[in-house]
Amino acid sequence: ANQHISYIKSEQIGSALLVNNFCAVQNDWKNYKLRMFGIYSQSCVEFVLCEIAAIMYGFTTVPVYDTLGEEAMVYIFNQT
């Protein structure tokens with residue numbers, strides 16, 4: 001039952017991101033249209049649900065952790 005609930009939650013997250021255009025096409029790379037999805041979170045259930053949502057909807061995830069430090073986070077944001 002929990003797997004079914006996790007699937008539904010992930011589907012709802014992905015759908016909301018797509019419908020509200022939160023993952024708009026950011027880059028064209030070698031004829032691929034990339035939809036970046038940044039996740040700023042500690043490892044937790046919600047992080048996994050967002051990762052699954054990204055897989056379901058074809059988003060490219062960009063995990064960002066505060067433990068990387070400010071300089072690394074700025075670099076990641078600039079690159080993606």
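At 37 °C and 0.692 mPa s, grab the translational diffusion coefficient of segment 1-48 from Stokes-Einstein with a Kirkwood Rh over Cα pairs, rounded to a whole number in µm² per second. Don't jump to the answer; show the numbers that get you there.
Values: Rh = 12.5 Å.
My calculation gives 262 µm²/s for D.
Where Rh denotes the Kirkwood radius from the mean inverse Cα pair distance, what is Rg over Rh for segment 10-80?
0.98
Over segment 1-59, with every protein chain in place, what whole percent of the accessible area is carbon and sulfur at 1.4 Å, could you tell me?
55
Let me spell out the model: positive unit charges on the Cβ of Lys and Arg, negative unit charges on the Cβ of Asp and Glu, origin at the Cα centre of the chain. What dipole size does that give, in debye rounded to 20?
The dipole of the chain has a size of about 340 debye.
Using DSSP H assignments, which helices in the chain have an axial alpha-carbon span of 20 Å or above and a mean Kyte-Doolittle hydropathy of -1.0 or higher?
Helices meeting the criterion: 2-19.
The values are calculated or read from the model by the stated rules, or taken from the named source; none is laboratory data. Since we're looking at a predicted model, the values are computed, not measured. Don't worry about glycine lacking a Cβ; one is built from the backbone with ideal geometry, like all the others, and counts go over all protein chains shown. These area figures cover heavy atoms from the full protein model, side chains too; ligands, DNA and RNA do not enter into them. Shrake-Rupley method; radii C 1.70, N 1.55, O 1.52, S 1.80 Å.
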